[in-house]
1. For E53, only one of the following conditions fails: (1) modelled with pLDDT under 95; (2) under 12 Å from the mean Cα position of the chain (by Cα). What is its number?
2. List the residue pairs whose Cβ atoms are under 6 Å apart, where the first residue sits in the stretch 1-27 and is more than 21 Å from K68 (Cβ to Cβ), the second is assigned to a strand (DSSP E or B) and open to solvent by 60 Å² or more (accessible area, probe 1.4 Å), and the two are 6 or more positions apart or on different chains.
3. Only residues that are at positive phi and at pLDDT below 95: list them for the stretch 102-131, please.
4. For G76, only one of the following conditions fails: (1) open to solvent by 40 Å² or more (accessible area, probe 1.4 Å); (2) free of Cβ contacts under 8 Å to residues at least 24 places away in the same chain. What is its number?
5. Can you name the residue in the stretch 95-131 that is closer than 18 Å to V13 by Cβ and of a type in the set (A, V, I, L, M) and is also most open to solvent (accessible area, probe 1.4 Å) among such residues?
Amino acid sequence: MTRQFIGYVALLVRDYDEAKSWYCEVLGFSLLEDTLLPDGKRWVLVAPPGSTETRLLLARAANDQQSKRVGDQTGGRVFLFLRTDDFWRDFRAMQQKGVHFCEAPRQESYGTVAVFEDLYGNRWDLLQLNR
């Protein structure tokens, strides 16, 4: 049987250290790798606690066209979905760390959700699915 999964999602950032700090200190992600590459770039991988497959690759914008996309990779739509096993625990912790929520939490047929923005303005869903 074939098994596939998304390994990495590239997220354009202004600065490696600024992004790494925000994702690790504010969202509580783990730093999995920070390797200097020969061309001056870095391979910076972070992931939420408990994540076993998908990683976020923090990719510094390399030119003007990429720089214009930092914070708006999806034209204002929610870009990423941070699933949790305890919505209210994580919502409160994120609020205490200054994360900007674009709306009040809401209950949907599929679970509890609220949209928040990362340090660049990318929109995320914090999501706890119903069991």
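The values are calculated or read from the model by the stated rules, or taken from the named source; none is laboratory data. Quick caveat, the model's predicted, so the values are computed rather than measured. Quick reminder, even Gly has a Cβ in these numbers, built from the backbone with ideal geometry, and neighbours come from all protein chains shown. Ligands, DNA and RNA are stripped out before the accessible areas are found, and what is left, the full protein with its side chains, is counted by its heavy atoms. Shrake-Rupley method; radii C 1.70, N 1.55, O 1.52, S 1.80 Å.
1. Single failed check for E53: (2).
2. Close Cβ pairs (under 6 Å, with a partner that is assigned to a strand (DSSP E or B) and open to solvent by 60 Å² or more (accessible area, probe 1.4 Å)) amount to C24/L31.
3. Within the stretch 102-131, none qualify.
4. (2)
5. Per the stated criteria, the residue is L119.
Per-residue answers, yes or no, for (1) in contact (Cβ under 8 Å) with a residue 40 or more places away in the chain; (2) loosely packed, with under 13 Cβ neighbours inside 10 Å; (3) farther than 13 Å from V9 by Cα; (4) not hydrophobic (A, V, I, L, M, F, W, C):
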| position | (1), (2), (3), (4) |
| --- | --- |
| T52 | no, yes, yes, yes |
| N63 | no, yes, yes, yes |
| D85 | yes, yes, yes, yes |
| W88 | no, yes, yes, no |
